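Enquirer: Below is the structure I would like to discuss, written out as structure tokens.
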Amino acid sequence: MDKVLAWGRRMAAALAVVGAGAAAAPLHAAEIVVGQVAPLSGVLASTGAQMVLGGKIYFDWVNAQGGVHGATIRQEVVDDAYKVADTVRLTRGLLERAEVVALYGFAGTANITQLLADGVLEQGGAALVAPYTGGESLRNPFNPWIFHVRAGYVDETEHMVQQLTTLGMNRVAVMYQDDGFGKAGLAGVEAALAKRDLKLVVTAGYERNTDNVDDAVKAIKAVDVHAVIMIAVNKPAAAFIQRYREQGGGAQLYNISVVDPTELVKLAGLKNAHGLGISQVVPYPYRPQLPVVREYHALLRKYAPKAEVNYTSFEQFLGAKVLVEALRRAGPAPSRAKVVKALESLQSYDLGGITLGYSPTNRIGSRFVEVTVIGSNGRLMK
């Protein structure tokens with residue numbers, strides 16, 4: 001993980017240098033530039049490195065096969081450290097450059113919501129493919145610029161609540177990040193419980209870009225609950241798991257999909273993380289049963305032999321496949337508008353055992369959700 005993270009930071013730095021001079025330089029006819037703003041530092045740094053890696057291994061393979069209509073794909077990555085203002089600033093910078101034909105794999109509900117609020121995507125006219133968020137504000141009301149590969153947080157929380165209540169666990173708490181991301185997940189849990197005539201027992205927030213969760217631990221530990229659903233990213237989730245368990249908290253713990261189980265085990269300790277349920281929005285990537293999972297394994301071995309299989313990199317691998325197919329359909333001189341139209345034409349596209357679909361009126365490619373559990377060996381089990 002540390003090697004992947006370090007690699008991500010080096011790539012961001014190198015590409016930033018390249019990008020600085022590219023605005024004034026003429027575009028080489030045989031290059032397609034895809035812009036990615038990712039959190040390569042800060043609380044989401046390990047996730048950001050996996051996001052970049054998942055796209056890179058597929059783009060590298062496509063380029064090795066001759067590219068798209070003879071043009072190579074350049075994945076230009078800049079680091080926003082998961083900070084909203086930096087996401088907006090860096091995205092504006094990418095979209096000011098005509099050679100950037102599409103955006104790919106951003107992170108953060110609040111970050112991308114701000115792009116919409118400020119009109120950045122609309123003004124730039126570029127598609128954003130496979131953002132690493134399930135926030136409802138990015139899906140409803142409909143907006144034409146974001147093409148989702150993953151199910152939404154509403155889908156994830158409904159699935160978790162369905163599982164909990166089926167098992168007779170109806171006293172539920174939520175620990176959430178106090179921003180657009182956390183509130184989107186919180187609203188999803190509340191809606192799922194309301195469908196079953198239930199209410200949350202307690203909610204407890206924590207401040208974004210910190211792992212200061214002591215107040216949340218205290219608030220939830222003080223009440224009797226069967227389960228705690230966390231709407232949290234790696235470091236604060238791990239801090240809550242560790243402190244809650246070490247203080248004797250015995251409720252079943254769940255987290256929404258945007259965490260790395262390897263990182264959670266490393267930070268919280270296996271004893272504490274064992275048994276954690278994590279909702280997932282793409283199929284299980286550890287067992288190469290589907291053709292696309294076998295392809296992902298093969299390209300990971302070829303282009304990143306020291307990296308491990310990971311849900312995040314697999315999700316972004318799928319997003320890269322979607323984007324490359326759109327670039328193919330956009331023709332030998334892709335423009336931002338042509339890429340949007342091409343994405344809309346992927347109405348039932350088979351990625352290799354996983355089918356996604358978009359249309360002029362639909363931007364949600366999949367609603368797949370399942371729950372995995374961290375096993376006694378620290379690995380995820382279905």
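Enquirer: From a point 7 Å beyond the Cα of ALA98 in the direction of its Cβ, which residues of the range 326-366 have a backbone N at a distance under 15 Å?
Expert: Taking a point 7 Å out along Cα→Cβ of ALA98, the residues of the range 326-366 whose backbone N falls under 15 Å are 333-337.
Enquirer: Quick check: at a probe of 1.4 Å, how many percent of the accessible area of the range 210-281 sits on carbon and sulfur atoms?
Expert: Whole-percent figure for carbon plus sulfur exposure: 44.
Enquirer: Would you mind computing, in nm to one decimal, how far apart the modelled labels at GLU207 and LEU116 are, each placed 7 Å from Cα along Cα→Cβ?
Expert: 2.8
Enquirer: Name the long-range amide H neighbours of LEU253: under 5 Å, sequence gap of 5 or more, or other chain; modelled H, no Pro or chain starts.
Expert: Here the answer is VAL228, GLY277, since their amide H atoms fall under 5 Å of that of LEU253.
Enquirer: Also, I was wondering about something else. How far apart, in nm, are the 7 Å Cα→Cβ label points at LEU200 and LEU270?
Expert: The modelled label-to-label distance comes out at 3.3 nm.
Enquirer: If only Cα atoms are counted, what is the Rg of the range 141-212, and what is its Dmax, in Å?
Expert: 13.7, 41
Enquirer: Hey, another quick one. For the range 153-238, which trypsin sites (Lys or Arg not before Pro) are in a loop by DSSP, counting at most 12 other Cβ atoms within 10 Å?
Expert: Passing sites in the range 153-238 are LYS195, ARG196, LYS199.
Enquirer: Quick check of the Kirkwood formula: for the range 45-108, what is the inverse mean of 1/r over all pairs of different Cα atoms, in Å?
Expert: Taking the inverse mean of 1/r over all distinct Cα pairs, the range 45-108 comes out at 13.0 Å.
Enquirer: While we're on this one: Taking 0.36 nm per intervening residue step and subtracting the Cα-Cα distance, what contour gain separates TRP61 from ALA333 on full extension?
Expert: 95.9 nm
Enquirer: If you don't mind, another one. Just to check I understand the Karplus step: with θ = phi - 60° and J = 6.51 cos²θ - 1.76 cosθ + 1.60, what whole-Hz values come out for the range 362-368, glycine and proline as x?
Expert: 9, 10, 9, x, 8, 10, 5
Enquirer: Here is a further query. Would you compute the Debye intensity of the range 112-250 from its alpha-carbon atoms alone, equal scatterers and no solvent, and pass along log10 I(q)/I(0) at q = 0.13, 0.16 Å⁻¹ to two decimals?
Expert: Debye curve over Cα of the range 112-250, log10 I(q)/I(0) at q = 0.13, 0.16 Å⁻¹: -0.61, -0.86.
Enquirer: I'm checking a number: the convex hull volume of the Cα atoms of the range 216-360, normalised per residue, in Å³. What is it?
Expert: Hull volume normalised by residue count: 154 Å³.
Enquirer: Run the numbers on the range 229-382 and let me know its relative contact order in percent, using alpha-carbon pairs under 8 Å that are six or more apart.
Expert: It comes to 25 percent, rounded to a whole number.
Enquirer: What nm distance separates the two modelled labels at ASP178 and ALA219, each placed 7 Å from Cα along Cα→Cβ?
Expert: 0.8
Enquirer: Over its Cα atoms, what ratio of radius of gyration to 2.2 N^0.38 Å does the range 314-359 give?
Expert: In units of the 2.2 N^0.38 Å rule of thumb, it is 1.10.
Enquirer: For the chain, count the residues as N, evaluate 2.2 N^0.38 Å, and divide the Cα radius of gyration by that value, please. Please report the intermediate quantities before stating the final value.
Expert: Values: Rg = 20.2 Å, N = 382, 2.2 N^0.38 = 21.1 Å.
Expressed relative to 2.2 N^0.38 Å, the Cα Rg reads 0.96.
Enquirer: Please report, largest first and rounded to whole Å, the three semi-axes of the ellipsoid equivalent to the range 232-298, where each semi-axis is the square root of five times an eigenvalue of the C-alpha gyration tensor. Write down the numbers at each step before the final one.
Expert: Numbers: eigenvalues 153, 23, 21 Å².
Result for the range 232-298: semi-axes of 28, 11, 10 Å.
Enquirer: I've got another one for you. Residue by residue through the range 192-206, which ³J(HN,Hα) values in whole Hz follow from phi under the Karplus form 6.51 cos²θ - 1.76 cosθ + 1.60 (θ = phi - 60°), with glycine and proline marked x?
Expert: So the J values, rounded to whole Hz, are 5, 5, 4, 4, 10, 6, 10, 10, 5, 6, 7, 10, 8, x, 9.
Enquirer: Within straight cross-link reach of LYS321, meaning Cα distance under 21 Å, which lysines are found once same-chain residues fewer than 8 apart are removed?
Expert: Partners within reach: LYS56, LYS302, LYS338, LYS341.
Enquirer: Defining a contact as two alpha carbons under 8 Å apart and six or more residues distant in sequence, what relative contact order in percent does the chain show?
Expert: So the answer I get is 18 percent.
Enquirer: Compute the accessible area per residue over the chain, keeping the other protein chains in place, probe 1.4 Å, unit Å².
Expert: Accessible surface, normalised per residue, equals 38 Å².
The values are calculated or read from the model by the stated rules, or taken from the named source; none is laboratory data. Treat the numbers as computed from the prediction; the structure is a model and nothing was measured. A quick note on method: Cβ atoms are made from the backbone with ideal geometry, for glycine too, and the neighbour counts reach across all protein chains shown. Accessible surface is based on the protein model in full, side chains and every heavy atom, while ligands, DNA and RNA are left aside. Shrake-Rupley method; radii C 1.70, N 1.55, O 1.52, S 1.80 Å.
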